[in-house]
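K.L.:
Have a look at this one.
Here, each number is a calculation from the coordinates, and none is a lab measurement. Just so we're clear, the structure is a prediction, and the values are computed from it rather than from any experiment. Because the Cβ atoms are built from the backbone with ideal geometry, glycine has one as well, and the counts that use them run over all protein chains shown.
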């Protein structure tokens, strides 16, 4: 075989591999964006539920004004957070204020029997589960993408076309705060 043809085959194989790797990066980058969008949809759902929850609880918990203010402030911060890291911190704060709201509501038996409140409780619990599932999917997708960015030989394509690592959506919590939000009434 002629050495020219061997070189041509090798160069052609490298080009084909480069195109395949580049398309893999593009595909994974879009999956990361889609996964982040799923998280945002669930967070928006939670943001929409919070005012209804606060209104349902307000009539029963007349002496807990600070709790309502904390929930409202945490919701506003979470909705306005810019980066994924800021969003994770704001969501952590919101989860903690919701835990406080639910803990305080334990002291109000009439509230625990309110049908509207029970419906909201189920909605919040369902939304929290969907947020967790979306976050797991997002972090798994980011893991796959980042692995491709950092491993050889695809790292060469990543560097050449400036594909950068994505941030995981981690909630920075203290170990005692890692337990699930208990929405029990």
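K.L.:
Taking a quarter of the surface of the Cα convex hull of region 51-120, what do you get in nm²? Don't skip to the end; give the middle numbers.
P.N.:
On the way: hull surface 18.0 nm².
Result: a mean projected hull area of 4.5 nm².
K.L.:
Run the numbers for residue 136 and residue 79: contour at 0.36 nm per residue of separation, minus the present Cα-Cα distance, in nm. List each step's numbers first, then the result.
P.N.:
On the way: separation 57, 0.36 × 57 = 20.52 nm, distance 2.06 nm.
Fully extending the segment from residue 136 to residue 79 adds 18.5 nm.
K.L.:
If R₀ is 22 angstrom, what is the calculated FRET efficiency for the pair residue 143 and residue 26, using the beta carbon separation as r and rounding to 0.05?
P.N.:
Numbers: r = 18 Å, r/R0 = 0.80.
Efficiency at R0 = 22 Å is approximately 0.80.
K.L.:
Helix-only estimate, please: 222 nm mean residue ellipticity of the chain, summing -39500 (n - 2.57) across DSSP H runs of length 4 or more and dividing by its residues, to the nearest 500.
P.N.:
Numbers: 6 runs with 141 residues, N = 185.
Only helices count here, giving -27000 deg cm²/dmol.
K.L.:
For region 26-70, what does the equivalent ellipsoid look like in terms of its semi-axes, each the square root of 5 times an eigenvalue of the Cα gyration tensor, given largest first in whole Å?
P.N.:
Three semi-axes, in Å: 37, 9, 4.
K.L.:
Relative to the longest principal axis of the C-alpha atoms of the chain, give the angle of the C-alpha long axis of helix 3-58, reported between 0 and 90° and rounded to the nearest 10°.
P.N.:
Once rounded, the angle reads 10 degrees.
K.L.:
For the Cα atoms of the chain, what angle does the longest principal axis make with the long axis of helix 115-150, in degrees from 0 to 90, nearest 10?
P.N.:
Roughly 20 degrees, rounded to the nearest 10.
K.L.:
For helix 65-80, report the angle its Cα long axis makes with the longest principal axis of the Cα atoms of the chain; keep it between 0 and 90° and round to the nearest 10°.
P.N.:
Tilt of helix 65-80: around 20 degrees.
K.L.:
Where the centre of each part is set by its Cα atoms, how far does region 96-152 sit from region 1-19, in angstrom?
P.N.:
One Cα centre to the other: 52 Å.
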